[in-house]
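The values are calculated or read from the model by the stated rules, or taken from the named source; none is laboratory data. If you're wondering where the values come from, they're calculated on a predicted model, not measured in any experiment. Every residue, glycine as well, gets a Cβ built from its backbone with ideal geometry; the counts of neighbours run over all protein chains shown.
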């Protein structure tokens, strides 16, 4: 696939209206590798730990932060002079987190324990920024896989990831040779997707539906309007070699298991922790914690993924493209933001890019490909502590442009198609 480099230099005044201060920020060169005809620009920078994002019909962009900036966890970005760069920023919300979603005049945003709803006015500003509706409260947060990613369907439902507070449900988490708990008690309250109502305040587990189970941790999720179903991308388990060195080599542990995309329906079971998916063998494999050896196939209940990617690349964003700007091959296809690996040693780390999967009639119709690369800054920076940028959230603009957030420096990218 041919890719091009694009250079744009902007100097812009950024006004933080929420905290009554202004500063001059240089929006610098974008050196992403893209297919021919695509260009990328930085439209905002230095926001902090920018996780998921949402774009309004007028082009305003909402950013959820996982660390407060000037005391605020959400920022509304506005391009007042229509030069393609967000020069006005308003902060609100005093909680950190990952999830954010915009629908029917409301902004939904999550902390690691709760989900809030802000009523917006005609200019997309919160009507009462200090008093949002708390629609879900008391979700599990145990310092592992705590991000509560969210998405909405068209029938008044909101879907929330509740990640497993464990790698593979061992008696002693991540301990060499420790076997899995049988049955895994974590599945009762986590390791799945829960469905709630969008307009009912103060919901807890008892008010929700465990929509899907057997999912170790989902950060990318999106409601596919073409299929009218939920798609998610799961972070696969870690440390096969470290925990079972007699069964798995370093190479196998670096490559396995797959990072999987699933299509979910009410009652779906994806098999964690009892199995993992081997993208090389194209089979479900019994987990070593439950008697597997890397070869035994799993024969229990668990659905197959619709796409299986190489291991440990951390899919943090998922978006189905419905715009008209990009060429036809991208219509209804899936973009995935891979945050990047930390645990492929001694093999090189992977990820730190946005991938694309073509879809036709609601199903993958070809091999996945790297769409936008070089967020990290090159091969020498392909590690979490060194990467200059790590893609996390995805959103589609009203004109069909693709926005990508970075949670290292808080850069927001806009990728557009010019055909040149």
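Which of (1) in contact with a strand residue (DSSP E or B) (Cβ under 6 Å, 6 or more places away or on another chain); (2) within 23 Å of residue 274 (Cβ to Cβ); (3) outside any strand (DSSP E or B) does residue 172 not meet, given it meets every other one?
The one condition residue 172 does not meet is (1).
Determine which single condition residue 410 fails, assuming it passes every other condition in (1) buried (at least 22 other Cβ atoms within 10 Å of the Cβ); (2) modelled with pLDDT of 95 or more; (3) not in a strand (DSSP E or B).
Here residue 410 clears every test but (1).
Return yes when residue 267 is surrounded by fewer than 20 Cβ atoms within 10 Å (Cβ to Cβ), over 30 Å from residue 321 (Cβ atoms) and either at pLDDT 95 or above or within 18 Å of the chain's Cα centre (by Cα) (or both) and no when it is not.
The answer is no for residue 267.
For the range 374-384, state whether one or more residues are crowded, with 20+ Cβ neighbours inside 10 Å, outside any loop (DSSP other than H, G, I, E, B) and either in contact (Cβ under 8 Å) with a residue 12 or more places away in the chain or in contact with a strand residue (DSSP E or B) (Cβ under 9 Å, 6 or more places away or on another chain) (or both).
No: the range 374-384 contains no residue that is crowded, with 20+ Cβ neighbours inside 10 Å, outside any loop (DSSP other than H, G, I, E, B) and either in contact (Cβ under 8 Å) with a residue 12 or more places away in the chain or in contact with a strand residue (DSSP E or B) (Cβ under 9 Å, 6 or more places away or on another chain) (or both).
Output yes when any residue across the range 79-87 is touching a strand residue (DSSP E or B) at 6+ places or on another chain (Cβ under 6 Å), closer than 16 Å to residue 406 by Cβ, buried (at least 22 other Cβ atoms within 10 Å of the Cβ) and at pLDDT 95 or above, and no when none is.
yes
Can you pull out the residues in the range 148-165 that are crowded, with 20+ Cβ neighbours inside 10 Å, touching a strand residue (DSSP E or B) at 6+ places or on another chain (Cβ under 6 Å) and in a loop (DSSP other than H, G, I, E, B)?
Scanning the range 148-165 gives 148, 149.
Give the residues of the range 344-366 that are in contact with a helix residue (DSSP H, G or I) (Cβ under 8 Å, 6 or more places away or on another chain) and farther than 19 Å from residue 35 by Cβ, sorted by residue number.
Across the range 344-366, the qualifying residues are 344, 345, 346, 347, 348.
Would you tally the residues in the range 346-363 being surrounded by 17 or more Cβ atoms within 10 Å (Cβ to Cβ) and over 30 Å from residue 56 (Cβ atoms)?
Residues in the range 346-363 being surrounded by 17 or more Cβ atoms within 10 Å (Cβ to Cβ) and over 30 Å from residue 56 (Cβ atoms): 2 in total.
Does residue 192 qualify as being buried (at least 16 other Cβ atoms within 10 Å of the Cβ) and at pLDDT 95 or above? Steps first, answer last, please.
On the way: buried (at least 16 other Cβ atoms within 10 Å of the Cβ): yes; at pLDDT 95 or above: yes.
The answer is yes for residue 192.
Considering only residues that are without any contact (Cβ under 8 Å) to a residue 12 or more places away in the chain and either within 13 Å of residue 244 (Cβ to Cβ) or not in a loop (DSSP other than H, G, I, E, B) (or both), which ones fall in the range 278-291? Let's see the steps before the verdict.
The first filter runs over the range 278-291 and keeps only residues without any contact (Cβ under 8 Å) to a residue 12 or more places away in the chain, leaving 281, 291.
Hit for the range 278-291 is 291, nothing else.
Looking only at the range 181-191, decide whether some residue is under 26 Å from residue 257 (Cα atoms), within 16 Å of the chain's Cα centre (by Cα) and free of Cβ contacts under 8 Å to residues at least 40 places away in the same chain.
No, the range 181-191 contains no residue that is under 26 Å from residue 257 (Cα atoms), within 16 Å of the chain's Cα centre (by Cα) and free of Cβ contacts under 8 Å to residues at least 40 places away in the same chain.
In the range 255-284, how many are within 16 Å of residue 345 (Cα to Cα) and touching a helix residue (DSSP H, G or I) at 6+ places or on another chain (Cβ under 8 Å)?
2
Identify all residues within the range 175-201 that are touching a strand residue (DSSP E or B) at 6+ places or on another chain (Cβ under 6 Å) and farther than 25 Å from residue 314 by Cα; write none if there are none.
196, 198, 201
Which residue pairs have Cβ atoms under 6 Å apart, sit 6 or more places apart or on different chains, and have a first residue in the range 404-420 that is at positive phi and touching a residue at least 24 places away in the same chain (Cβ under 8 Å) and a second that is surrounded by 19 or more Cβ atoms within 10 Å (Cβ to Cβ) and outside any strand (DSSP E or B)?
Here the result reads 410/47; 410/48, each pair linking the range 404-420 to a residue that is surrounded by 19 or more Cβ atoms within 10 Å (Cβ to Cβ) and outside any strand (DSSP E or B).
Okay, residues lined up against (1) part of a loop (DSSP other than H, G, I, E, B); (2) under 22 Å from residue 112 (Cα atoms); (3) out of contact with any helix residue (DSSP H, G or I) (no Cβ under 9 Å at 6 or more places or on another chain):
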position	(1), (2), (3)
145	yes, yes, yes
167	yes, yes, no
190	yes, yes, yes
193	no, yes, yes
199	yes, yes, yes
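Confirm whether residue 132 is within 21 Å of residue 196 (Cα to Cα), free of Cβ contacts under 8 Å to residues at least 60 places away in the same chain and more than 23 Å from the chain's Cα centre (by Cα). Spell out how you get there, then give the answer.
On the way: within 21 Å of residue 196 (Cα to Cα): yes; free of Cβ contacts under 8 Å to residues at least 60 places away in the same chain: yes; more than 23 Å from the chain's Cα centre (by Cα): yes.
When the stated conditions are applied, residue 132 passes them.
Can residue 222 be described as under 24 Å from the mean Cα position of the chain (by Cα), at pLDDT 95 or above, more than 22 Å from residue 299 (Cα to Cα) and surrounded by 14 or more Cβ atoms within 10 Å (Cβ to Cβ)? Spell out the reasoning first.
Working: under 24 Å from the mean Cα position of the chain (by Cα): yes; at pLDDT 95 or above: yes; more than 22 Å from residue 299 (Cα to Cα): yes; surrounded by 14 or more Cβ atoms within 10 Å (Cβ to Cβ): yes.
Yes: the conditions hold for residue 222.
Check every one of the strands (runs of 3 or more DSSP E) wholly within the range 1-62 and list those with 1 or more residues that are at pLDDT below 50 and surrounded by 17 or more Cβ atoms within 10 Å (Cβ to Cβ). Talk me through it step by step, then tell me what you get.
Numbers: elements: 10-16, 21-27, 38-44, 50-55.
The qualifying strands (runs of 3 or more DSSP E) are 10-16, 21-27.
Any chance you could count how many residues in the range 88-113 are over 18 Å from the mean Cα position of the chain (by Cα), surrounded by 20 or more Cβ atoms within 10 Å (Cβ to Cβ) and in a loop (DSSP other than H, G, I, E, B)?
1
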